[in-house]
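No lab work stands behind these numbers, since they all come straight from the coordinates. What you see is a predicted model; the values in this text were computed from it and never measured. For neighbour counting, all protein chains shown are included, and Cβ atoms are generated from backbone atoms with ideal geometry for every residue, glycine included.
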Amino acid sequence: MRQLIKKLLPNLLLVKLKCFISHFHQKTQPFFALSPFLTRLYFAFFNSAYQREQFSTLQGMLTYNKRIKSTREQSNPLLRRNIHRIEKGLIMRPLREVFALEYIEETQKAYELAYQSSTHQSEELAWAKSVLTKYYETVSLERSSLLTRLANEFSQLNQVDSSNVQYSNKTPYKHQELASNPLTFEQFSRFIDMRRSTRWFKQTPVCRNKLKQAITLASQAPSACNRQPYEFYVVDQQPLLSQVSKLAIGGAGFASNIPCLIAIIGDYSCYEHERDRHVIYIDASLAAMQFMQALPTLGLASCPMNWPELNVIDTKIARLLKLPNYKKTIMLIAVGEPELDGGIPYSQKKSAEQLVHFVDTV
Ligand SMILES: Cc1cc2nc3c(=O)[nH]c(=O)nc-3n(C[C@H](O)[C@H](O)[C@H](O)COP(=O)(O)O)c2cc1C
């Protein structure tokens, strides 16, 4: 539509129209900002900036409902969330005799579906089996007829053919069993300083295996209810690489030098409710940071690239990467072997004094 208007209208008229629209927004925004209801009207009728996010969120919620009933998935977001809720229940103090009654049945149904599926990821299934086994060993089954029935069904199900679910202990463990800290504060500080946004790279292909190693570390980042609603799309082949690089607005001047781009993609289909729509950004950013930290240990460098909330570029990248409507680009990361004499901006950081607010009681 925009393109058509641009073609049809003479330039002068186009400039005047743009001025009029901008003037309209400036004049009316104070009125629409008076209340949340008026703001909603403004974004419903005069500003479509949130349209794509809302569309993707809704598409995600619909896809979620299909995914949790499908036997053709690798991962089930409901199963992941509920198994995590149960493992948290298993470490509660004091340990409750009965818990998870409100969602244990749906969890077990999700486990059954995953169990019957030939595509479900085996580690996720093994984790679910392990936690459910511990759950039924821990809760007082006699306190609830539902629990007694489900425990029996669970044990029968696992007797059918467990060959696809390797039993390994993936239940809660004690803090003292964690690996001991190998770094001093000074060593970690030096490690942190190894990552700086790097924009000049050698024109050598980036080893895909190294990327996988870094993604494995990224996957260890915390994520709300352990759902990990993100994926790393690796773009390292021409002509796709140049096509995607051109979309990165902040890549002006160095985009053509990037040997590999990672598009971090958020998946709205991990959520049942729209209240969780921002979790894709939070979880993906935490993983992206861990990914970028891992790269220098593999001889690679990176530069995160801004992905502004613009329908036009979102639509273009979705077409290039063949993204379904419920997936959303969160950011791009340029990756490559650093060119050693390439410049790095100093980028002065804020001090802890500027950033910290100790909230004391008065
Ligand atoms: C979300 C995000 C978007 C960024 N976008 C761009 C970008 O589009 N172009 C660019 O050259 N650098 C970009 N950067 C890099 C920042 O400029 C850089 O992180 C900042 O100056 C701090 O420098 P450092 O990363 O070397 O510590 C981005 C960083 C972040 C976290």
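The modelled label-to-label distance for the pair Leu14/Asn152, using points 7 Å beyond Cα in the direction of Cβ, is 7.4 nm.
Per-residue 3J(HN,Hα) values for the stretch 204-214, derived from phi via the Karplus relation 6.51 cos²θ - 1.76 cosθ + 1.60 with θ = phi - 60°, read 10, x, 8, 5, 5, 5, 5, 4, 5, 4, 5 Hz in sequence order (x marks Gly and Pro). I need the shape label for the chain. Rule: rounded when a/c is under 1.5, else prolate if a/b > b/c, else oblate, with a, b, c from the alpha carbon gyration tensor. Prolate. Let me check I've understood the local charge: for Thr71, count other residues with C-beta under 13 angstrom from its C-beta, Lys and Arg +1, Asp and Glu -1. What total comes out? For residues surrounding Thr71, the net value is +3.
With the simple model of a label 7 Å out from the Cα in the direction of the Cβ, Phe46 to Ser242 spans 4.3 nm.
Axis angle, to the nearest 10 degrees, between helix 36-45 and the longest C-alpha principal axis of the chain: 60 degrees. One Cα centroid belongs to the stretch 327-362, the other to the stretch 55-93; the line between them spans 32 Å.
Length gained on full extension, Val160 to Ser122, computed as 0.36 nm times the residue gap minus the Cα-Cα distance: 12.0 nm.
Counting Lys and Arg as +1 and Asp and Glu as -1 over every other residue whose Cβ lies under 13 Å from the Cβ of Ile262, the net charge comes to +1.
As a calculated quantity, the FRET efficiency between Leu4 and Leu340 at R0 = 41 Å, using C-beta atoms, amounts to about 0.25. Derived scalar couplings between HN and Hα for the stretch 236-250 equal 10, 10, 7, x, 4, 4, 5, 5, 6, 4, 5, 6, 6, 4, x Hz in order, rounded to whole Hz, by the Karplus curve 6.51 cos²θ - 1.76 cosθ + 1.60 (θ = phi - 60°), x for Gly and Pro.
Seen against the Cα atoms of the chain and their longest principal axis, helix 104-116 is set at about 80 degrees.
Spin-label model, Ser168 to Thr216: label points 7 Å out along the Cα-to-beta-carbon direction sit 1.2 nm apart. Considering all different alpha carbon pairs of the stretch 65-164, the Kirkwood hydrodynamic radius works out to 13.7 Å. Taking the Cα atoms only, what angle lies between the long axis of helix 145-160 and the longest principal axis of the chain, rounded to 10 degrees? Orientation of helix 145-160: about 90 degrees from the principal axis. Close amide H pairs (under 5 Å, H built 1.01 Å from N) link Trp200 with Glu339, residues at least 5 positions away or on another chain. One Cα centroid belongs to the stretch 4-29, the other to the stretch 282-296; the line between them spans 41 Å. About its Cα centre, the stretch 210-362 has a charge dipole of approximately 360 debye under the convention of +1 per Lys or Arg Cβ and -1 per Asp or Glu Cβ, with nothing else charged. The sum of -39500 (n - 2.57) across all DSSP H runs of n ≥ 4, divided by the residue count of the chain, sets its helix-only mean residue ellipticity at 222 nm to -15000 deg cm²/dmol. Pairs with C-alpha atoms separated by more than 24 Å, drawn from the list Lys129/Lys322; Lys246/Lys327; Lys27/Lys327, are Lys129/Lys322; Lys27/Lys327. Which shape class, rounded, prolate or oblate, goes with the stretch 2-47 when its Cα gyration tensor gives a ≥ b ≥ c as root eigenvalues, a/c under 1.5 marks rounded, and past that a/b bigger than b/c marks prolate? Oblate is the answer for the stretch 2-47, as a/c is 1.5 or above yet b/c matches or exceeds a/b.
Annotation: extensible slack from Leu355 through Ser189 equals 58.0 nm (criterion: 0.36 nm per residue apart, minus Cα-Cα distance). In this calculation the C-beta distance from Arg96 to Tyr281 is compared with R0 = 30 Å, giving a FRET efficiency of 0.35.
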